[in-house]
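The values are calculated or read from the model by the stated rules, or taken from the named source; none is laboratory data. The model shown is predicted, which means the values in this text are computed figures rather than measured ones. Cβ: placed from backbone, ideal geometry, glycine included. Neighbour counts: every protein chain shown.
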Amino acid sequence: MRVWFSRLSLLILPLAALLLYGCVGMSNGKPPGPWHEAYEPIEDAETEAFLFQSLEKAKAQFGEPIVPVNEVLFRRSRKTEEARQYRLGEDFSLTQCIDPTNGVFVIYIGVDPDHPNYYPLLGHECAHLINAKITDWYMEGIATVFSEQVCEESGKEWGNWKRHFSRSRKDPYGLSYRMMKDLKAEFSVEYPQLIQYTMPNGNGSEWLHIDIDAWLNTLSIPQQDIALDIIEPHVRVLHRQINEQYGFSIPAALQ
């Protein structure tokens, strides 16, 4: 059974001090049973309602998920008592497909349900349900912009993200958020099509990144110029953040 992870990530926010990362190490052995069973379940009706309402909005905006979502398990990324002896990471947020045949996913959240960043994180992870194989900074920005949208529409506070993402000049999450927010504002019709244009990211055939040039080629020449003007200020920092977890395709016109 193939397991897909949405991405590996490191996101530190002031005040919340959230550490988000995936591919958690198991250097002292592997707990018995599926990996997600080593983490505390979240059994909360409001969490489930928010997620599936948000998923319908994601489908309306971006299209159907590449793997139909039939079931989502929710986990607080904190080890159960039975798993305390194992060296597993904690306090990360991640979307994982554990059964693509039957459409079963696990969403891990790095904070408790009463934390102000809980629903922002949940909204972000919801966007990854559309295609959990895309691992790049364009997709991270798309997911963060989507999180802001669904929190606002659902009457949920967007944690402390707005202030941080609007001001940070080095945080790749902040840069990707502003870049994609500006693209969405300028290209309301074309923006959702971004995640339809993908290519292998070089870290295995199952992992993808957004083919920005393929998307740009769907725009008129004047539109391409506008899009490039939006992307260009963020290229230098985001390109430095390319690693085995995240890709970033620089438009050919900016190379």
Seminar exercise, completed: Checked the stretch 57-77 for anything over 13 Å from residue 128 (Cα atoms), surrounded by fewer than 17 Cβ atoms within 10 Å (Cβ to Cβ) and of a type in the set (D, E, K, R); matches are 71
Problem set entry | Enumeration of residues in the stretch 119-172 that are at pLDDT below 95, aromatic (Phe, Trp, Tyr) and buried (at least 24 other Cβ atoms within 10 Å of the Cβ) | 161
For this session: Kindly list, by first and then second residue, each pair from a residue in the stretch 109-134 that is free of Cβ contacts under 8 Å to residues at least 60 places away in the same chain to a residue that is part of a helix (DSSP H, G or I), limited to pairs with Cβ atoms under 7 Å and residues at least 6 apart or on different chains.
Result: 112/118; 120/147; 120/151; 120/161; 124/143; 124/144; 124/147
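Among the residues of the stretch 68-91 satisfying the criterion of being of a type in the set (A, V, I, L, M) and part of a loop (DSSP other than H, G, I, E, B), which is nearest to the chain's Cα centre (by Cα)?
Initially, the stretch 68-91 is screened for residues of a type in the set (A, V, I, L, M), giving 69, 72-73, 83, 88.
From what's left, part of a loop (DSSP other than H, G, I, E, B): 69, 88.
Working: 69: 16, 88: 21 Å.
Checked the stretch 68-91; the qualifying residue nearest to the chain's Cα centre (by Cα) is 69.
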For this session: Would you please list the contacts, defined by Cβ atoms under 6 Å and residues six or more apart or on different chains, that run from a residue in the stretch 188-210 that is assigned to a helix (DSSP H, G or I) and surrounded by 14 or more Cβ atoms within 10 Å (Cβ to Cβ) to a residue that is at pLDDT 95 or above and of a type outside the set (Asp, Glu)?
Result: 191/183; 191/184; 192/61; 192/62; 194/210; 194/215; 195/62; 195/131
Exercise. What pairs come up if the first residue lies in the stretch 226-244 and is under 9 Å from residue 172 (Cα atoms), the second is at pLDDT below 90, and their beta carbons are under 7 Å apart, counting only those six or more places apart or on different chains?
Worked result: 237/170
Exercise. Does the stretch 152-163 include one or more residues that are at negative phi and in contact with a strand residue (DSSP E or B) (Cβ under 9 Å, 6 or more places away or on another chain)?
Worked result: no
Exercise. Given 159, 141, which one is within 17 Å of the chain's Cα centre (by Cα) and not in a helix (DSSP H, G or I)?
Worked result: 159
For this session: Can you tell me which residue within the stretch 92-138, out of those that are over 13 Å from the mean Cα position of the chain (by Cα) and among the charged types (D, E, K, R), is farthest from residue 180 (Cα to Cα)?
Result: 99
For this session: Taking the residues in the stretch 99-114 that are out of contact with any Leu (no Cβ under 6 Å at 6 or more places or on another chain) and more than 11 Å from residue 67 (Cβ to Cβ) as candidates, determine which candidate is surrounded by the most Cβ atoms within 10 Å (Cβ to Cβ).
Result: 107
